[in-house]
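Taken together, the values in this text are just the output of simple stated rules run on the coordinates, not laboratory data. Keep in mind the model is a prediction, meaning the values are calculated, not measured. Every residue, glycine as well, gets a Cβ built from its backbone with ideal geometry; the counts of neighbours run over all protein chains shown.
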Amino acid sequence: MPRVELKTGVGIHYETVGAGEPVLLVMGTGADHSLWNDTAKAYAERFQVIYYDNRGTGRSDHPRDPEQYTMRILAEDAADLLDALKIDSAHVSGLSLGSAVAQELAINRPEKVRSLQLHCTWGRTDAWLARLFEGMRYPLDHDDMAMFVRTAFMWVMSPARLNDRPAEVAEIERAYLEENPYPPSKEGLIGHLHADLTHDALDRVDRIQAPTLITSGEMDWQVPTRYGREVQKRIPGSALHVFTGPYSSHMAFVEMADEFNRLTLDFLGKHAA
């Protein structure tokens, strides 16, 4: 997988698949680009897909200072990556932390964004979300990565998956910690949670000019739908889709992949040149 040294001072690993108009995928807290693999494969039949490890994940650099992780800094990484690949603009899709990064990219570098997808998004970290993110950080502060993963999966997976397929979930957790060639780092995770805790773009999202699709899941406990609805009301002309059913979690893009891909590819097709 290629690597590029960005003007922001970090080295970023990325992958590209497919051909056509570019689509940039931005992953969420503590996760590397590989969680996009199936989505990228589906998109690559019609588009050039660029997906990458945010700073603090995978094979990209992991700065130790939490202050080096804000949504705006992460958005500058995304813009610099597009510049390094000589891509003037792209359709941008972000999940969770990635959606907040995408907000900042669309606000501060609107010329880079052809269309915008914000999945599991929020505009400002309020007291409720702050407690959630601080709770996720607690195991890291005590060097308990296994409990961090266990807690995080509780928030992002559907109750149906956790309750009905415990052996599968246990195997995912084990592989994530024991077989992952580029495992999560304490520094990167704390940095991402710092970005989550300090995110505040709610009073600026009305500047977003790109066609915007917002999605949420009715079973998303980590970023409940009320946050996505609040953002949608502030972005002129934006649309909100709420996934429903037992697997409509923070990971609906995996647990409801067929519906997610149909919806998002339809949106991309409407806004492709």
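Worth a mention:
- Scanning segment 161-190 for residues that are more than 25 Å from ARG131 (Cβ to Cβ) and either of a type in the set (S, T, N, Q) or part of a helix (DSSP H, G or I) (or both) returns ASP164, PRO166, ALA167, GLU168, ALA170, GLU171, ILE172, ARG174, ALA175, LEU177, GLU178, ASN180.
- All conditions but one from (1) under 25 Å from LYS233 (Cβ atoms); (2) touching a Lys or Arg at 6+ places or on another chain (Cβ under 8 Å); (3) part of a helix (DSSP H, G or I); (4) among the aliphatic types (A, V, I, L, M) apply to LEU197; the one that does not is (2).
- Residue among MET251, MET219 that is touching a residue at least 12 places away in the same chain (Cβ under 8 Å), crowded, with 22+ Cβ neighbours inside 10 Å and within 18 Å of ALA100 (Cα to Cα): MET251
- Filtered by the rule that a residue be more than 9 Å from the chain's Cα centre (by Cα), of a type in the set (Ser, Thr, Tyr) and crowded, with 18+ Cβ neighbours inside 10 Å, segment 88-120 gives a lone residue, SER115.
- Flag if LEU85 is of a type in the set (A, V, I, L, M) and surrounded by 19 or more Cβ atoms within 10 Å (Cβ to Cβ): no
- If you go through segment 100-152 and keep only what is of a type in the set (Lys, Arg) and either outside any helix (DSSP H, G or I) or closer than 24 Å to GLN209 by Cβ (or both), you end up with ARG109, LYS112, ARG114, ARG124.
- When PRO166, PRO224, PRO184 are checked against the criterion of being surrounded by 17 or more Cβ atoms within 10 Å (Cβ to Cβ) and free of Cβ contacts under 8 Å to residues at least 60 places away in the same chain, a single residue qualifies: PRO224.
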